[in-house]
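The values are calculated or read from the model by the stated rules, or taken from the named source; none is laboratory data. Keep in mind it's a predicted model, so treat the numbers as computed, not measured. Heads up, the Cβs are rebuilt from the backbone with ideal geometry, glycines too, and the neighbour counts pull from every protein chain shown.
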Amino acid sequence: MRLFGIAGLAVLFGFVPSNHANAKEQRNSNICTVKAQGNQKDDVPNILEAFHQCGHGGTIVFPEDQSYWIGTRLNPVVNDVLIEWRGKWTFSDDLSYWRNHSYPVAFQNHAAGFVLTGHNISINGYGTGGIDGNGNIWYTAEKGDTQPGRPMPFVFWNVSDVSVENFYVKDPQLWSVNIMNGTNMRFNNIYCNATAVDAPYGQNWVQNTDGFDTMDAKNIQLTNFVYQGGDDCIAIKPRSYNIDIHNVTCRGGNGIAIGSLGQYQEDSGVANIRIDKVKVIRYNEDMHNSAYIKTWVGALMPQTSYESAGLPRGGGWGSIRNVIFSNFDIQGANAGPSITQDNGNNGSYSGTSLMSISNVAFVNFTGSIETTSKVASVSCSKVHPCYNIDFDNVVLYGKNASTPGIGSCKYTDVGGVHGLSGSMSETVQQAFSGRDRPLISYGIPFPEAASRHLRESFQASRVYVICSQTLARKTDVIERLSNALGSTLVGQRVGMKSHTLWSEVLQITEETRALEADAILTVGAGSLTDGAKIIALALANGIKTADELKTLAEGPDKRDNITAPQIPIISVPTSLSAGEFSDFAGGTEDSSKRKHSFQPPTRGPQLVIFDQELVKSTPNSIWLSTGVRAIDHCVESLCAIKGTTEASNTLATHALSLLVSGLLRCKKSREDRDAHLQCQLGSIDAMAACTSGSIELGASHGIGHQLGPLGVGHGETSCILLPAVCKFNAKYEANCEQQESVRLSLIGEPIVSELLHTRSASVDTSDLGDVLDVIIRELGMPRSLTDVHVGRDKLDELAANSLHDRWCKTNPIPLEKHSQVLEILEMVV
């Protein structure tokens, strides 16, 4: 557990139970005993008179043998009062009156019939007293379609120091007990039941009959609470603080909710909530949730429900923090614990909530749910990704399952979700904002993630796998995939040569066609991913020969009409090259040895699965160097003098922070799972930054392209060239302001400033090239052409070839002369 201990919760929250004054010592001798008139005559005038006579320092008694008819609304204001509520209040069945005369409640367009206001109030129902809302009249009239005007039977408005015990609310018209503006309140032994006796089995006619709700509330205790109904058993609503709830039974409805947050454009924060020892029981085939947090999207969205009064809602802000749901026994709910921040979404505003969620724990959830596999879900906000979300001993079984289910996550911070003991948490989210594909998945082993998404996301039943030869030889990847995919695995290819030879592409294309594969899964680095992209394109266009394949590549032979690929690709990358996030591919024609480019409608993977355990087997030389390549994407994007945008700069800056600290941590320990994930997520933003808009990259990329044919990996080219290119551009004062901004960003990282100090490099005098040099040397990557066996004899050829590369021409100092390229190469020879 990372959050807080249950035993210390009261101290943490600062909760101090109210010390209600002893009735005999504090109250005068005024005692008002209210007699019911009977025959359904309105008793409200007599009740109000009792509150007037004895509601300030006295005692009001509703005897057990009395049944009161509540025919009109009432809002007594009292102080220092003891209410011995042994009898029953019953609301009248005059629906027309209540719809037109109840007290309006602005929040969600609701209404109230009985509102109690005041200070130092003690209510005891002695197990016989309570309120009958006569709700079945409403349930039957509306048949599951709630209409405006249904009054809440018991609302506390502007109250403090309140005690309520041994009390019931039966068949409430709307929410049973609602606190609005309450401080220091204690409830014990409360029972709420909403049952629609005329409703067909399995239909919910008791929606909106919450059991116990709080809003604008502070220091609230609820113990020994039983609810039966069709909505939230307990709902913690905006601006509720220090709420302590213990020993609850929920039969039917939505379980325990922290919700309706951000519906209005106001602060909707909630903090310091404990809900402990809860039994959630399926009833009337109606038990939707068990414990959940729900917030609205971050913009005003048109709404049609009466609860929004037909007005746009959403866009509220605030934080939800320090929340613990503990010791839940789930008996057949539709869902386990969950967080969702997309309430009110029309399909276009996913992940926009302005509410931040942190320090939330779900502890000791046991039992079963009605779904088959997913037992918990976290879907947060791209604006404020969730963090410190803990699942501790959450062991829930799906319907007819023999093993615990898994969870899913979306829009969470790196390492922001922990646990799910007995199950694992999968995060699934869009790789790029505003684009449905590709998705990324991480958090569970790649065979399980692949199997699940092939089945559920792509409905694929015939999968062809292309696996790295090194992984197949040195790990159990193939065996694990075979076990996970079972009969859906219809074919496999181990290894493809570097540079993606057309001959191999055509072989695999023919195999997948013959096997009628409906999905391709790659496990390995860039060549395999490029191969899968071209294979998918070839399948869509009936390609069988090299000459036919050439008509899909860029060049004079490219045909006019090319059919887009249909077969989905799932990629499990083992490097940080991030080619799987591009719709471009490169393949080498065997006869000419020329590498051809394939552009859209070529399509990249629809799903990319990150597995931090798998990539630990990737050699440092590949993992760290391709990570530096991603750093190169960031630096040359940020230092470009044309084509950058605020969005691209934000992406690149964020990516650079993730990559630099993540790579240095990986160098220190390849067992650091979070560091590996941090690098993978950083590589996405790096790719997004350098491919957004019309950014003109520089000579590190341009000259690096020409080093590739000499046997130097793209990652190694960046390790060698990037610091030198930065120094060259700085020397000729091309992008000094941009370089200084990147330098400050890097030295602002504690891990970088500490490294500079360790290597005796001055923070003040080191320029961007110097800082990058220190980082790359710390990673143990090559820093010279000699390190990669490229001699001085190759420099003239390199310089000549580089002048033809587009990125050399768009370098901040355009490379137009042979001597300019040689000046850079001489720095790294």
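A few remarks follow.
Yes/no per residue for (1) surrounded by 17 or more Cβ atoms within 10 Å (Cβ to Cβ); (2) within 30 Å of Gly662 (Cβ to Cβ); (3) in contact with a Leu (Cβ under 9 Å, 6 or more places away or on another chain):
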{"position": "Ala401", "(1), (2), (3)": "no, no, no"}
{"position": "Ala431", "(1), (2), (3)": "yes, yes, yes"}
{"position": "Arg437", "(1), (2), (3)": "no, yes, yes"}
{"position": "Ser441", "(1), (2), (3)": "yes, yes, yes"}
{"position": "Ser457", "(1), (2), (3)": "no, yes, yes"}
{"position": "Ser461", "(1), (2), (3)": "no, no, yes"}
{"position": "Ser482", "(1), (2), (3)": "no, no, yes"}
{"position": "Glu504", "(1), (2), (3)": "yes, no, no"}
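- Test: Ala484 is in contact with a Pro (Cβ under 6 Å, 6 or more places away or on another chain), aliphatic (A, V, I, L, M) and modelled with pLDDT under 95: yes
- Residue match in the range 319-335 (condition: aromatic (Phe, Trp, Tyr), over 30 Å from Thr366 (Cβ atoms) and surrounded by 18 or more Cβ atoms within 10 Å (Cβ to Cβ)): no
- Checked against the criterion of being out of contact with any strand residue (DSSP E or B) (no Cβ under 6 Å at 6 or more places or on another chain) and either more than 20 Å from Gly579 (Cβ to Cβ) or assigned by TED's automatic domain parsing to the domain that holds Met687 (or both), the candidates Lys544, Lys497 yield just one match: Lys544.
- Per the listing Glu636, Glu613, the residue uniquely of a type in the set (Asp, Glu), touching a Cys at 6+ places or on another chain (Cβ under 8 Å) and not in a loop (DSSP other than H, G, I, E, B) is Glu636.
Listed here are the residues, each with its yes/no results for (1) part of a helix (DSSP H, G or I); (2) in contact (Cβ under 8 Å) with a residue 24 or more places away in the chain; (3) hydrophobic (A, V, I, L, M, F, W, C); (4) assigned by TED's automatic domain parsing to the domain that holds His654.
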site: Ser718; (1), (2), (3), (4): yes, yes, no, yes
site: Pro723; (1), (2), (3), (4): yes, yes, no, yes
site: Glu754; (1), (2), (3), (4): yes, no, no, yes
site: Asp764; (1), (2), (3), (4): no, no, no, yes
site: Asp770; (1), (2), (3), (4): yes, yes, no, yes
site: Arg777; (1), (2), (3), (4): yes, no, no, yes
site: Ile813; (1), (2), (3), (4): no, yes, yes, yes
site: Ser819; (1), (2), (3), (4): yes, no, no, yes
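- Pairs with Cβ under 9 Å, 6+ apart, first in the range 344-360 and under 11 Å from Ala299 (Cβ atoms), second acidic (Asp, Glu): Tyr349/Asp342; Thr352/Asp342; Ser353/Asp342
- The range 283-318, subset at negative phi, within 19 Å of the chain's Cα centre (by Cα) and not in a strand (DSSP E or B), residue surrounded by the most Cβ atoms within 10 Å (Cβ to Cβ): Ser290
- Identity of the residue in the range 619-645, more than 30 Å from the chain's Cα centre (by Cα) and surrounded by fewer than 24 Cβ atoms within 10 Å (Cβ to Cβ), that ends up nearest to Met781 (Cα to Cα): Ser621
- Scanning the range 639-653 for residues that are closer than 22 Å to Gly713 by Cβ and either in contact (Cβ under 8 Å) with a residue 60 or more places away in the chain or not in a helix (DSSP H, G or I) (or both) turns up nothing.
- Condition check for Thr529: polar (S, T, N, Q), crowded, with 16+ Cβ neighbours inside 10 Å and closer than 19 Å to Ser617 by Cβ: yes
- Residues in the range 55-87 that are farther than 20 Å from Tyr126 by Cα and either in a helix (DSSP H, G or I) or among the polar types (S, T, N, Q) (or both): Thr72, Asn75, Asn79.
- A Cβ distance below 8 Å, combined with a sequence gap of six or more or placement on separate chains, defines the contacts here; from the range 375-393, residues that are farther than 18 Å from Asn334 by Cβ reach residues that are among the aromatic types (Phe, Trp, Tyr) and not in a strand (DSSP E or B) in the pairs Cys380/Tyr411; Ser381/Tyr411; Lys382/Tyr411; Pro385/Tyr411; Cys386/Tyr411.
- Residues that are of a type in the set (D, E, K, R) and touching a residue at least 12 places away in the same chain (Cβ under 8 Å) within the range 659-681 comprise Arg665, Lys667, Arg670, Glu671, Arg673, Asp674, listed in sequence order.
- In the set (1) surrounded by fewer than 23 Cβ atoms within 10 Å (Cβ to Cβ); (2) in the same structural domain as Gly347 (by TED's automatic domain parsing); (3) in contact (Cβ under 8 Å) with a residue 24 or more places away in the chain, the condition left unmet by Ile273 is number (1).
- The number of residues in the range 552-582 being surrounded by 15 or more Cβ atoms within 10 Å (Cβ to Cβ) and either among the basic types (Lys, Arg) or in a loop (DSSP other than H, G, I, E, B) (or both) comes to 12.
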